[in-house]
Every structure is written in structure tokens, then in C-alpha cells.
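Data block below; observations after.
The values are calculated or read from the model by the stated rules, or taken from the named source; none is laboratory data. Just so we're clear, the structure is a prediction, and the values are computed from it rather than from any experiment. Quick reminder, even Gly has a Cβ in these numbers, built from the backbone with ideal geometry, and neighbours come from all protein chains shown.
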């Protein structure tokens, strides 16, 4: 079987992860080119990995009929128009989350994708985590009854730099957006959101009207309720837990550990930290998600995280911000 | 040192636990009499344990100058007037939670207690749990910084009978009231409450306007936020967990286990249920709380769970009900 | 149903535990008398608990036809002749382990018991531990196949005082004896023993020819093999674990914990010690074993830990000592 | 810095793991050629990974002055003479364990290595496991005192095929050899071995004089004692645990898990299997060990697992076989 020819646009933090994964661990794909506006960054990566082509302007890649698919890992503000251009050029698209911070831009991009009939997958990496998938399988099997309560704990190990925070969309569109998608993955449609949050860790977030600590309540269409809690600073590592409590049992995913060593002394027992951050914790997911994207392209199947999923998570992020600003529960239907 | 002479009023489910504990495990107290309107129930217990006096009318006990303290474990609707009578009679008082379901009755009772200058302790047993106390000590020590997020999971193993449910005050005044008190114990004053709930397990609760599943958000005066989740039916046992996440670490109390046996087979590893219900889980707490009450009486110290604590938890329960009915966050100050 | 009249002989450390348990928590028994050569020790206990009769000479109790059973918790060197006297007097007998440190004395005592037709139960408390029983149930059910490997970790928290160590029978007859009994309880007959040991903690044990650290290999009649490890000093608490590994799975009993609190900080996660020592760890077993003894007396059933069990564990202890002294595997049949 | 030019000899199960790792994940090395007597197997691998040269006869590679190092992953009976040839040719050598099943062959090979002054590393992959390394660091730091007891549980998930078993060296030279090396890694020199074993799982092993179940006691030079247990069939996965119990604490490495999902239902809690076998469990170790080998070659440092280590583990394997055959403890000095 011939390999699917793919190019990566954006070779920063996440982009370089994808470049390495495709080059080394995804034999079904052929990485034919990479692109970055900082050409030298892309060139160094290409040299290291033996990638044949490096460009500065992504449009060169879209013009190349030999390229079947693109992976977009540029800054968030560029996602929507690159998607649109790629769709028009007939390329299948894998795009990092979020699709955009503005719903109208998302809608334009999704319309272009629909019109072109190309595949679009959004990079909600956590859906590919084996433990979260196992939870979903247990719940979906029906063996523990119907879902009642969803609990998600999602805490970063440290506050990102302020420059990033300014353009990130803030807590609910940068960080909680993963939990909103996970909530939809595990339980289904959300109808209403209530959010409470504080600045307890990084005072500079106050002037940005952002928060570093929050809890969010979700009301699902099926009557289940959910509670998410977030923090920007979990000093023991990247805290990633969830539970789907059901009428006849529960399914939980606990944290992974850095190693399994335990030390016993007169104070009790000491065990290891949780893996530091997403690069460590979700490393296998970044491979799996692209492999599944490639498979969907080859087999003409629906991607596991569609444009609609990408949009829905952004809508929930907006609902949470509106709820926090107005201190009231906000219906998803209010956002659009 | 002479023993503190105490009588128990109400020898039903909780009352009989206290009677046995005082008779067997609290040598600092002398159980001089017990009282129940179902005299034969009290008499059988007295016969079994060698308790010298049994009465039907609690006023007989209040009239006895040899009795220093009473423990009230009657039905909730009688708590307030018995407290008042006992205070007037100059008896120190341990009363099961809740103090009452009406704030004006609570206020009358507390006024009588204040006027008489007697001790009053409310039966918030969970404050005496060694794991929850350990969490509080870790947090109070300051070694993990300031509290940011409180998470409480509190789930009963099975729905109580409908007769009890009708007079219980419903989810927030019967069950979540323990979590409200725990929240105050771990973090401090709560300023605002938002509650979401559903009937997902026991359909008959709908006609009572009660819920069997809920999540509640708390906003604390110090800026911390909290999320409680409750269910009336955890089929794996009485689920009792909490976490106080702080700026420099976290402190969690996990569930206890029925035993430590683990079975490994081709499906993985199977471990035991959590202890079935409060009688098993909190057995040592019911001894400790009464021992501390006795110590407070003898040493003229403030009780660890005061009348003010008992009132505050009821106020939070009302705030949660109001929030659920009106689907909006409710300030504690709205309740009074 | 009338209560079984029992007397306790020896009110030292273990004896006083049994006295309190029978007085408070075993309603099926009536504690009619206690006995100790230090009369004032017994008297103080009787005063505290309201026990009607205190004697210095156990023969007074044996002469009393109103006493049905005796619990022997005197020093080890007196067990055998008190058992013999009690059997001759027709009393049912619960005796602390070990039955004696000399096999001929044990045989004499067991012969007297057999001749009198009274019940004899030996205080192997660990057989009554819920987790170890659960392991045995899993294995006995056959669901995980046939036993292959037994692993027992048994470590005291601290070295006992040297005075006790001198008369204790040393590691294998004082401490490992529990593990030998547990091995027989979990798997069955042992045919051969090999022991290796060192003095690594308490140098004074060298002159006593004792060890404070050891591992022992067992070969069972059914082909299974076992490894026990012991230490006199586990600074994190009383370490009590076992595993029965089988052809189709495994069953393990892990340590209990002092509480379930866990602290997370930049170093990882800190959890509590294991319960300090046998008094804490096996508290419920001391009640259960005597309750089952009482039930066997009343219902004329075989006791759960017979004289033969008591003898077999001592034989294994001697085999282990012989193995260590001669540095060779020793068949149980060599001991007798 | 230029890459170290390496060739892999033997591209079977372990060889192909190394080939993939070097090709993809070890940028410090350049995989210039691979070799297998089944040329088509090696060719297919070379095609997949773009390896420039494939040969059938390893001597061709030894004759190539452009090759600095070889990794030997052929069948055990060929290790010694390939090592000798490679040493004579001046190549640095990484060789899979065991070095050989005969001590005289090992000695010849090691003599050739010493004479040539080349590096030799033996593939004891477990020394590179992060959890076992963490245990060693805790113990080596001295913070928990001196080692007293080593416990290793090492159980394969399933019996290998009989053809392999016939030439494997049997339990102690094929499987326990890893534990012998780990014992030396964690504690140091072993002076005496006692082994007990049975055939409880695969009856065909009896005619081979092999066992599928065993426990082994080790006596270390420093007075510490150890107990290893092995089985060929742990149906819940590849069981890999160890503990170093010390005078002031303990350090344990528990099993890893396939995922962290836990299901609660009325029977209790179900968690995942342990990773199936060495390929999954020790995947990162196979990369690390070769990376460290390359670093030792470049920086002219002693390899982390030397020829002496490889020999010592084989000696312990022979001591264990002798102990089992003669049913007596065997001094390491008896083997040579």
C-alpha cells in the first residue's frame, strides 16, 4: 500500500512533535515537506530527520498536487484561514485545537471543508489516551448503567508565560476546552454551563481578566451533571483524572506515575510525581491521533474528532466565560 | 476523677450507637439513663447493657439534678425544643445533626443555650475522621500553601426508604449538609452556592421535589472554590473522598477498603468494596465525638462543633435548595 | 441462650486484651473470674471492668465447677502444665501461642486434652484477619487454579526488649511461628524448610544465637514453594503482607494504612505509615478468635486452630532453627 | 559530533528491536549494516528502515574498518565466538545476555575482549528501568540505612515454546539470570545460593529437568539475605517487582499497569493487567542501554554492565542449578 503524502505547517512546539512522530513512528504516512515562517527552524528539523522539502509559505504546499494532507500546527489565530485555503486546495486537514477563538471564523472554515468534501480532524489528543478510552468503553458497554456524574480534574504543572497567556483565549478556551471535549466524548451533549473562578496563583492574570483556578458545572442533555476543576499550578505534576459515575458503578482514570518506586520510612510512604506535562503524559496520543487521521483519509471514514467537535468545545468555552462574567448559568444555545 | 453523668434521649438507629459507645467505650462518662417514646426499645437496650434507668418522657431526665449532660438523638423535628428545654434545665447538650430544618427554631434553641451558658455540640461526626483530620492538619500547617480548590465526593450506597426521605429535608439538608460542614471545617466561610441536580436513580423523588444526584459549587470568602458531588446510590459502597488542592501541593483523603485482598487474573486485578455505610465507615468517629464533648464539659472548653456550626450548615443547605429551585448562584447572606 | 462462663488466666499484655474484649465485646461469654500471680494487676483490671472474682492461683478456678472454659495468656513456659491441669479439670481451653517451646511438653499437654475430650484452641490470631481469610477463600474456591508460590512478609516495627528475647524462643519460635501457621492455613502441609538469617539490627542478638533478619524457604507437600521474610525492625510500621500465587492468578493481602490521607508536593506523594504493631493491626482478630472458640464450645465443634496446629507450627520453628544452625534444608520429619 | 558507526548481528526477536531503536531513536549512532544468517529476514528489515547494507556472514562486517561497534543478538550458543572474533577485529561489543551457557567459553571471550581493549556491554536491560534505578538511588543514598532483605518477584506471563526451552539454559540461566544480575546491581556480591523449584504448570519441563516455579535464597557478602521467586505463567501479565528492605526503611518498585482505568461495581474495584511481557515493560530500557553503550564507546568509559557482570550472573545460575540438583546451599566459590 502506498503511503499517504502529508506536509506539516508550523514546526514550533506541537508541530515539531508531529514532525518527529510522522518521520519516525507513522510508517503509513510519508512526510514530504514541512513549513514554517521561521524557515531556519523548519530547516534544522528537516536536516535532522532527512525531510526532503522545507518551505516558508504554506501556499506552496497547497499548490503541490503531490500532497494529500496537511497538518496545521501554527499559532491559533492562523488556523481558520489555513484550513479554508487547504480545503479549497482539496487537502485533507489535521488541525491543532482550538480551531479558532472566533466562532464566525470557525464557521467559515467548516463551510469550506464541507464544500470541498475533505477530511478535517481536530487535535483533541486526550480522546486517544488509553485510560480515558478504557473508561469510555466501560461506560459505553452499559455494564455499569447510565451516567450520572462526570468529574474531571485537569491541572497544569505551572503557569505558562504571560505572552502566551495574552493570546491563548484564557483558561476556558485554552485549557478547559480539553475538558469540554472530554465531557462530550464521555457523556454527550452539554446544555448548560456554570463557572466559578479565581486568581490565586498568578496575580498578573487579573489585569487580563483571566483566572488560574476554577470549577465548572455542566448539565448534560441526558440529565447527568458534571464538575470540572482546573488549576494552572499543580506542583506535583500534570494532574489528569476523570470519573464517570453511573447508576450501577463507576469508572475512573487515575494519574499515571513517573515511576513505580515507593520509599518507606518513619514518616510513611513516598511515591513518585505524576508525569510533568502533556508532552510526557500524552506522548502516545500524538502518534495515535495522526495514525487514525491517516487511516480515515485512506479509508474515507469520518475522523474521530470532527470540525463539529472542535466547534462545540469552543462554544462551551464561550459559555463558561459568559457564565463567569455574568455569574449565572449559561445555556449553550445562548452562544450559538 | 468522677465520671460525667449523661443520659441519652432517643434510642433509635443513631441513639443506640451512642448508647453502646458510652456504655462500653467511654469510661469518662457514666450512662445513668436512656429515654425513648417507644419505652420497650429503650428497655431492651438497657437490659442488654445494664443501664440502670429507662424513661419515656425526656422531661423526667431534665428534672434530675444528678444528670449533667444529655445526648439528643431523636427525630429531627424534635431537636430544637428538646435543646431548649435541656438548656433551660442547665444540661450540657450533644445533639445529632441537623439542629432543625427551620432556621427560626434553630435560633430559638441557640438563644436558650447561650442564655443558659451550657455547652452544645452538634453531631458532625466526619470532623472526627482521622483521614479528614490529617488533611486539615496538612493544610493548616501551611506547608502546601493556601487552599485553592476543595473537592468532596459523598455518595450513599443506596437510597433510604421513602418515608424517611419525606421528612429528611431532602438531599441538601440531609446529606450534603455533612459536606457543607466539612467544607467549613477544611477551608472556612462560604459566601455563595450554586447547585445542579437531577433525579436519575429513584423516580419517586421527583414528586417530592428532591434529587438523588447533584453537584454543588462553593465560593469561599478567601477566594477558594469548591465542588461537591453527591449520589444516593454508589453500588460499590459508601464513597467518601475529599481533596484540598493548594498553591504548593494537595492533600487528599481516599476511601477506606473493606479488606486489603487483591485478586489477579487474566482480566486484571480485583480489590474490595469500600465500607458499606456510615455505621462502618465512621464507627470510631461516633466514639471520639462524644469523648471530646465530655472533655469539653469537664474542662469548660468550647465544643469542636458548635451551635453556630450546626446553623451554618443548615443555611448552606437552604442556599443550595434556593439555588437549585431558581437556577442561579445564591449568596449565603440571602438566607440569613 | 445462657452465656458460656469463662475465666482468664494471666492478665499481662495479651491477657488484658482478652479480658477487655470478653468483658465488652463478646456477649456470648460471661467473664466470671480472672487470675494473675501479680494479684494487684488482675484486681485493678477487675475493678475497672466490674469482674466479680480475682484469684492468684489458677487452680482455684479449675476447681470451680461453674467455670466452663479458661483462656490461658500466661508466660510461655507455663502454658503446657496449665493446659494439662485445665484438661484434667474438664475445662475447655483457649491458649496463647506458642503451646510450649519443648515438643515433649506439648505432647503431654495434647494427650491430656485428648483424654479429657475438651476443646483446645491456639491463639493464632492472624487466621482471623479478614484480608488473609479473603485470600484463603479466593484460593480455596479454585477460581485461580492451584497454589504455586507463597510469599509472606512479616516484619515487626521494633526489636522487643532483650529480657523478652532471651525467653522467647528466638526469631523462628516467637515471630516466624505465625508465618509457619499462616503457610499451613493458606497452602497446607510443609515437608521441608531452609532458613538463612543474619544479625543486622541488634548486635546483642548475636550472643543469644538469635537473628533479627531472615528468609525461609518452604517446600509444601503439594509441590508449591514458599518464601517468608522477617525483620525485627520495619521503621514504617508492622509490615504484614502475603501472596498466594496460583496457576491461573494470584491473591495478595497488602498492608493496612494508618489513615488514607495523601499529600502531594514537588517531591511526589506521601501516604501514611502502616499500623504500628499487632495490637492495632489485629485488634478485631482478638475478638473474633475468642468468639469462635466460644461458638465451638457451645456447638461442640472442632476449633479453627487446634492443638495439632499449635504443635505443627512449633515443629516448623525447630526445623528452621536446625536448618539455620546446620546450613542445610531440614525435613519436617526430622523434627518429629 | 560524528555518529558512532554500528552494525547489528542477528535480526530475530531482540535483534530487530535493537535495529528499530538504533534506526529511529538513537541519533548518536549510525546503523551502517545488519546481518542475519536468514538473509531475507534482515533484508526485509533493511528495506523497511532504509538500512544501507545487509550481509549474511558477520565476518564481512568485522572486516570493515568503517564499523566501530557491533551489537550481537544472535542465538546464545554463538555469542562467545562472535565476541571473540569481534574483539580480535577491534570492534566494541554490545552482546545480549547470557554471554554463553558455558563458563569456559565466557572466559575465552572475556580474555579476548581484555586483550583487545575493546568495550563490552552485556544486555541486562532491567538495570536501565527507571523504577529499579530509583530504588537503587534511594538505597545508595544511605537515607534508609543498610540493606537487609532483597525481594524480587519475576514471573513471565506464559511458558515459552518448548523448542526454545530446550536450548535456553533452563529457568536459572534463562530467566532468573536477570534477577541474579539485579541482585548484584541492588546489593552487591552474592556468596551463597539455595534454590527450590517445581514443575507445576508445564509437565513437559520435567523430562528436561527444568522447573517452571521456584524460590531462591541469596546470601550476600554484606550479610543481607535475598529471596527471589519465579514462575513461567502469571496470567495477569509480566510480574516484575522488587524491594530492598533496609535498617531504616524500605524501597520498593511495584508493577506498572496497562492503563489507569478502574471500574467500581458491587463486587469492588477492577483495575488493569500489568504490561504483557518484556517488549512492553522494558521498551525504554532497550533504547537507554544502547545509548549508554554508545556514550561509553565515545567517551572511553566503563560500560554499565560489563563482561564481569555477565559472567557473575551465569555463575549464580549454575550455583542455583547445582543447589536444586543436590538440594543444598551452594557457595558461589564452588562454581568458579
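Could you tell me whether the stretch D:141-152 includes any residue that is surrounded by fewer than 17 Cβ atoms within 10 Å (Cβ to Cβ) and free of Cβ contacts under 8 Å to residues at least 40 places away in the same chain?
Kept after step one, since they are surrounded by fewer than 17 Cβ atoms within 10 Å (Cβ to Cβ), are these residues of the stretch D:141-152: D:141-143, D:146.
Then drop every residue that is not free of Cβ contacts under 8 Å to residues at least 40 places away in the same chain, which leaves D:141-142.
The answer is yes, given that some residue of the stretch D:141-152 is surrounded by fewer than 17 Cβ atoms within 10 Å (Cβ to Cβ) and free of Cβ contacts under 8 Å to residues at least 40 places away in the same chain.
So which residues in the stretch B:256-266 are within 7 Å of another protein chain (Cβ to nearest Cβ) and either crowded, with 23+ Cβ neighbours inside 10 Å or in a loop (DSSP other than H, G, I, E, B) (or both)? Can you show your working first?
Step one: filter the stretch B:256-266 for residues within 7 Å of another protein chain (Cβ to nearest Cβ), giving B:256, B:259-266.
Within the stretch B:256-266, B:256, B:259, B:260, B:261, B:262, B:263, B:264, B:266 meet the criteria.
Hey, among the residues in the stretch D:106-153 that are in a loop (DSSP other than H, G, I, E, B) and away from chain A (no Cβ under 13 Å), which one's farthest from residue D:179 (Cα to Cα)?
Step one: list which residues in the stretch D:106-153 are in a loop (DSSP other than H, G, I, E, B), which gives D:117-119, D:123-124, D:129, D:141-146.
Within this subset, residues satisfying the condition of being away from chain A (no Cβ under 13 Å) are D:117-119, D:123-124, D:146.
Numbers: D:117: 29, D:118: 27, D:119: 24, D:123: 13, D:124: 10, D:146: 20 Å.
Filtering the stretch D:106-153 for residues that are in a loop (DSSP other than H, G, I, E, B) and away from chain A (no Cβ under 13 Å), the one farthest from residue D:179 (Cα to Cα) comes out as D:117.
Going through the stretch A:228-237 one residue at a time, which ones are in contact with a strand residue (DSSP E or B) (Cβ under 7 Å, 6 or more places away or on another chain), assigned to a loop (DSSP other than H, G, I, E, B) and more than 12 Å from chain C (Cβ to nearest Cβ)? Walk me through it before giving the result.
Start the filter on the stretch A:228-237 by keeping residues that are in contact with a strand residue (DSSP E or B) (Cβ under 7 Å, 6 or more places away or on another chain), which leaves A:228-231, A:234-236.
Imposing the further condition that a residue be assigned to a loop (DSSP other than H, G, I, E, B) reduces the set to A:234-236.
If the condition is that a residue be in contact with a strand residue (DSSP E or B) (Cβ under 7 Å, 6 or more places away or on another chain), assigned to a loop (DSSP other than H, G, I, E, B) and more than 12 Å from chain C (Cβ to nearest Cβ), then no residue fits.
Of (1) more than 12 Å from chain B (Cβ to nearest Cβ); (2) closer than 17 Å to residue C:124 by Cβ; (3) part of a helix (DSSP H, G or I), residue C:284 satisfies all except one. Which?
(1)
Would you please list the contacts, defined by Cβ atoms under 7 Å and residues six or more apart or on different chains, that run from a residue in the stretch B:123-140 that is farther than 26 Å from residue B:71 by Cα to a residue that is modelled with pLDDT of 95 or more and part of a helix (DSSP H, G or I)?
These pairs meet every condition: B:135/B:186; B:136/B:185; B:136/B:186; B:139/B:186.
Output yes when any residue across the stretch B:17-25 is within 14 Å of another protein chain (Cβ to nearest Cβ) and more than 16 Å from residue B:287 (Cβ to Cβ), and no when none is.
no
Step by step: first the residues of the stretch A:267-280, then only those that are under 16 Å from residue A:130 (Cβ atoms) and modelled with pLDDT under 95, then the one that is farthest from the other protein chains (Cβ to nearest Cβ). Which residue is that?
A:278
Considering (1) touching a strand residue (DSSP E or B) at 6+ places or on another chain (Cβ under 6 Å); (2) at negative phi, say which one residue C:285 fails and leave the rest.
Of (1) touching a strand residue (DSSP E or B) at 6+ places or on another chain (Cβ under 6 Å); (2) at negative phi, only one is false for residue C:285: (1).
For residues in the stretch A:285-304 being farther than 12 Å from residue A:92 by Cβ and in contact with a helix residue (DSSP H, G or I) (Cβ under 6 Å, 6 or more places away or on another chain), which is surrounded by the fewest Cβ atoms within 10 Å (Cβ to Cβ)?
A:304
What residue, among those in the stretch A:238-249 that are touching a helix residue (DSSP H, G or I) at 6+ places or on another chain (Cβ under 8 Å) and within 14 Å of chain C (Cβ to nearest Cβ), is surrounded by the fewest Cβ atoms within 10 Å (Cβ to Cβ)?
Across the stretch A:238-249, the extreme among qualifying residues is A:238.
If we keep just the residues of the stretch C:154-169 that are more than 10 Å from every other protein chain (Cβ to nearest Cβ), out of contact with any strand residue (DSSP E or B) (no Cβ under 6 Å at 6 or more places or on another chain) and at pLDDT 95 or above, which is nearest to residue C:248 (Cα to Cα)? Even if it seems obvious, please write down each step before you answer.
Let us first name the residues in the stretch C:154-169 that are more than 10 Å from every other protein chain (Cβ to nearest Cβ), namely C:154, C:156, C:158-169.
Okay, now just the ones that are also out of contact with any strand residue (DSSP E or B) (no Cβ under 6 Å at 6 or more places or on another chain), so C:156, C:158-169.
Then keep just the ones that are at pLDDT 95 or above; that gives C:156, C:158-159.
Working: C:156: 32, C:158: 37, C:159: 39 Å.
Taking the candidates together, the pick is C:156.
Quickly run through the stretch D:197-226 and pick out the residues that are within 30 Å of residue C:212 (Cα to Cα) and surrounded by fewer than 24 Cβ atoms within 10 Å (Cβ to Cβ).
Residues of the stretch D:197-226 that are within 30 Å of residue C:212 (Cα to Cα), as a first pass: D:197-198, D:213-226.
If the condition is that a residue be within 30 Å of residue C:212 (Cα to Cα) and surrounded by fewer than 24 Cβ atoms within 10 Å (Cβ to Cβ), then D:198, D:219, D:220, D:221, D:222, D:223 are the ones that fit.
Among the candidates C:317, C:307, C:336, which residue alone is away from every other protein chain (no Cβ under 12 Å), in contact with a helix residue (DSSP H, G or I) (Cβ under 8 Å, 6 or more places away or on another chain) and closer than 30 Å to residue C:144 by Cβ?
Result of the check over C:317, C:307, C:336: C:317.
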